[in-house]
Amino acid sequence: MQISYKVPIFDVKNLSFSVRGQKILSQISLEIFHGEYIAIIGPNGGGKTTLVRMLLGLELPTTGEVRLFGKRLKEFKEWSKIGFVPQRASHVDANFPATVEDIVKMGRVAKRGLFSTFSKKDSQMVHDAMQKMDIVHLKDKMVGTLSGGQRQRAMIARALASSPEILILDEPNTGVDTLSQQRFYKLLSKLNKEEKITIVFITHDIGVIADDIGRLFTINQKATICNDPKKALSCEDMSELYGIDAHLIHNHKHEH
Amino acid sequence: MLEMFEYEFMQRAFIAGLFIAVLASISGTFIVLKRYSLMSETLAHSALVGVAVGLVAGYNPLWVAVFVAILSAWLIEYLRSTFTLYSDAILSIILSGSLALAVIIVSLGGSFNNSLFSYLFGSILSVSYQDVFTIVSFGSFSLLLLLLFSKELYFISYDEEVAQTSGIKVKFLNFLLVTVVAIIIALSIRVVGSLLIGALMVIPTAAALQYRVGFRNTMLISLFFAVVSVVLGMSISYYFSLPSGATIVLIVISLFVISLVSNKK
């Protein structure tokens, strides 16, 4: 889809983060524009999740600044423009009393003004979001009883219900089988191309990266930005990023 | 069976009891889902400090209890956000600290008597008109707040961080919830008693969760269990001269056991 380079959705400048003197992220600068499809990859413990948490204001950077739609995080109010699917979404408590519809409805809660109940429009948006994720038939099922792939789609539908401009997914494939993963990447591409939603997703598994990705950020304390992901998978940055593993992953790619 | 309603004190007790059943079960749903169960126990003991001060200084014990419970709730919420790792230890410290303080205050005031006993275990005989007025007025206000923010509170119970990134004021709503819970607990000690109110908040929801149904139905089942327990408990308490709080708690536990066994996979 058309990428708009006017105001970046995320504008990150010289972001660093340390915990008790230990550097987790250092000097990260990047921009994410409307319409992009970005994968953030890196080894476990490389700081991917920390970066995302800082993008969303859940963690404050030690130094540096994050701007969202041109505004500083503190001044940013339009959170419904952002859909976030956290890593732990895949292991929700099996006993939590929520049907799929309950979960997707949560996506409308912040949009609704105080003192008002769910409107027809809200119900329509909830239904649309479930339809896009192909889970309408599951709406009365308890989330605890869903398969990994179904649960993943329910979580994304929740994020979509607020009609976000950007969707951020942290390790969305944890606990999801390969077939569901392929289906999932197709859905993401579709959301990016047809719904014009900017997509950012994080994974430690570079073997699964889809073909449609526009840019690739590799995070391992520092950030490297590859504008051509297909080249990136064979470039030297990979061996720097993953050490010995890069070789294995490289070969793995060739087998296909 | 209905002869008990000929007595005004029973009418008062039932109004107060039913109100508390509704309040405790609805707030309890959020408390259980947020894993704040132990907090209700702690706040009940803090409320006892208020009762002690009220008894000794001659103020309305229920009003002082509401006030002290709210202060305690804020203190706990503040400490929890500062020392996140040891939040259960904080609850434990405030629980025993409050109880110790309450006992000392009452002993110094020389009024360690039946009056305190009724606040520990609940007593339907002792619900006054003033108590009913306090319970209904504060209770309606608390219920209104809970219902107004129920969707937000549900979202927060499900995932605090996702709720925050959706633009929900998580910190404010957490404070609001503990404040409302503090009020409800303080109001409940007249009928259920401070040692037992935690049970009326937590167990109906714990039982309802066994049915594995959605949010609204879980809350309705929890409400149903709480009302049944209070009605049965107070009736049995009247006919067999048993302490109301203890009777209510044993009934709600029976309902929990039945729910657990009948829903076993």
Within the range B:221-247, track down each residue that is more than 19 Å from B:MET4 (Cα to Cα) and without any contact (Cβ under 8 Å) to a residue 24 or more places away in the chain.
-> B:ILE221, B:PHE224
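From the list B:SER244, B:SER188, B:SER262, pick out the single residue that is under 13 Å from B:ILE124 (Cα atoms), more than 11 Å from the chain's Cα centre (by Cα) and away from chain A (no Cβ under 14 Å).
On the way: B:SER188 fails: more than 11 Å from the chain's Cα centre (by Cα); B:SER262 fails: under 13 Å from B:ILE124 (Cα atoms).
Only one candidate qualifies: B:SER244.
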In the range B:165-217, anything over 24 Å from B:LEU18 (Cβ atoms), in contact with a Gly (Cβ under 8 Å, 6 or more places away or on another chain) and part of a helix (DSSP H, G or I) is listed as B:THR165
Conditions (1) within 9 Å of another protein chain (Cβ to nearest Cβ); (2) among the β-branched types (Val, Ile, Thr); (3) over 17 Å from B:ILE31 (Cβ atoms): number failed by B:THR218 | (3)
If you take the residues in the range B:1-32 that are free of Cβ contacts under 8 Å to residues at least 40 places away in the same chain and closer than 19 Å to B:THR134 by Cβ, which one is surrounded by the fewest Cβ atoms within 10 Å (Cβ to Cβ)?
-> B:GLU8
Mind checking which residues of the range A:9-31 are of a type outside the set (D, E, K, R), surrounded by fewer than 19 Cβ atoms within 10 Å (Cβ to Cβ) and closer than 28 Å to A:LEU188 by Cα?
-> A:SER29
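For every residue, the table says whether it meets (1) more than 25 Å from A:THR174 (Cα to Cα); (2) touching a residue at least 60 places away in the same chain (Cβ under 8 Å); (3) within 14 Å of chain B (Cβ to nearest Cβ).
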residue: A:ILE38; (1), (2), (3): no, yes, no
residue: A:ASN44; (1), (2), (3): no, yes, no
residue: A:LYS48; (1), (2), (3): no, yes, no
residue: A:VAL52; (1), (2), (3): no, yes, yes
residue: A:LEU58; (1), (2), (3): no, no, yes
residue: A:PRO61; (1), (2), (3): yes, no, no
residue: A:LYS74; (1), (2), (3): yes, no, yes
residue: A:GLU78; (1), (2), (3): yes, no, yes
residue: A:PRO97; (1), (2), (3): no, no, yes
Quick one: which residue in B:LEU153, B:LEU177, B:LEU143 is more than 19 Å from B:LEU125 (Cα to Cα), within 14 Å of chain A (Cβ to nearest Cβ) and either of a type in the set (Phe, Trp, Tyr) or in contact (Cβ under 8 Å) with a residue 12 or more places away in the chain (or both)?
-> B:LEU153
Residues in the range B:171-206 that are charged (D, E, K, R) and either surrounded by fewer than 24 Cβ atoms within 10 Å (Cβ to Cβ) or touching a strand residue (DSSP E or B) at 6+ places or on another chain (Cβ under 6 Å) (or both): how many?
-> 1
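Within the range A:139-166, track down each residue that is in a helix (DSSP H, G or I) and surrounded by fewer than 22 Cβ atoms within 10 Å (Cβ to Cβ). Outline the logic, then answer.
Here is the first cut: in the range A:139-166, the residues in a helix (DSSP H, G or I) are A:143-145, A:148-160.
A:GLY144, A:THR145, A:GLY148, A:GLY149, A:GLN150 - these are the residues of the range A:139-166 that are in a helix (DSSP H, G or I) and surrounded by fewer than 22 Cβ atoms within 10 Å (Cβ to Cβ).
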Take the residues in the range B:171-197 that are over 28 Å from A:THR99 (Cβ atoms) and among the β-branched types (Val, Ile, Thr), then tell me which one is modelled with the lowest pLDDT.
-> B:VAL191
Candidates B:PHE83, B:PHE30, B:PHE19, filtered to the one that is within 14 Å of chain A (Cβ to nearest Cβ) and under 29 Å from B:VAL170 (Cα atoms) = B:PHE30
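Of the residues in the range A:111-142, how many are touching an Asp or Glu at 6+ places or on another chain (Cβ under 8 Å) and of a type in the set (A, V, I, L, M)?
Quick first cut of the range A:111-142, residues touching an Asp or Glu at 6+ places or on another chain (Cβ under 8 Å) only: A:111-112, A:126, A:130, A:132, A:139-140.
In the following step, the residues that additionally are of a type in the set (A, V, I, L, M) were identified as A:126, A:130.
Residues that pass the stated criteria total 2.
Residue by residue through the range A:44-78, note down the ones that are of a type in the set (Val, Ile, Thr) and farther than 17 Å from A:PHE201 by Cα.
As a first pass, look at the range A:44-78 and keep what is of a type in the set (Val, Ile, Thr): A:49-50, A:52, A:62-63, A:66.
Within the range A:44-78, A:THR62, A:THR63, A:VAL66 qualify.
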Which of the residues belonging to the range A:80-92 are at pLDDT 70 or above and more than 9 Å from every other protein chain (Cβ to nearest Cβ)?
-> A:LYS81, A:GLN87
Please verify whether the range B:85-105 includes one or more residues that are of a type in the set (Asp, Glu) and within 20 Å of the chain's Cα centre (by Cα).
-> yes
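Tally time: how many residues in the range A:138-155 are closer than 23 Å to A:LYS48 by Cα and within 12 Å of another protein chain (Cβ to nearest Cβ)? It would help to see each step written out before you state the result.
The initial filter retains those residues of the range A:138-155 that are closer than 23 Å to A:LYS48 by Cα, namely A:148-149, A:151-153, A:155.
In the following step, the residues that additionally are within 12 Å of another protein chain (Cβ to nearest Cβ) were identified as A:155.
Qualifying residue count, the range A:138-155: 1.
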Counting only residues that are at pLDDT 75 or above, within 13 Å of A:ILE40 (Cβ to Cβ) and out of contact with any Pro (no Cβ under 9 Å at 6 or more places or on another chain), the range A:199-218 contains a total of 4
Residue check: is B:ILE168 surrounded by fewer than 23 Cβ atoms within 10 Å (Cβ to Cβ) and either modelled with pLDDT of 90 or more or polar (S, T, N, Q) (or both)?
-> yes
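The values are calculated or read from the model by the stated rules, or taken from the named source; none is laboratory data. The shown structure was predicted, so the numbers you read here are calculated from the model rather than taken from an experiment. Neighbour counts are summed over all protein chains in view; Cβ atoms, including those assigned to glycine, are modelled from backbone coordinates with ideal geometry.
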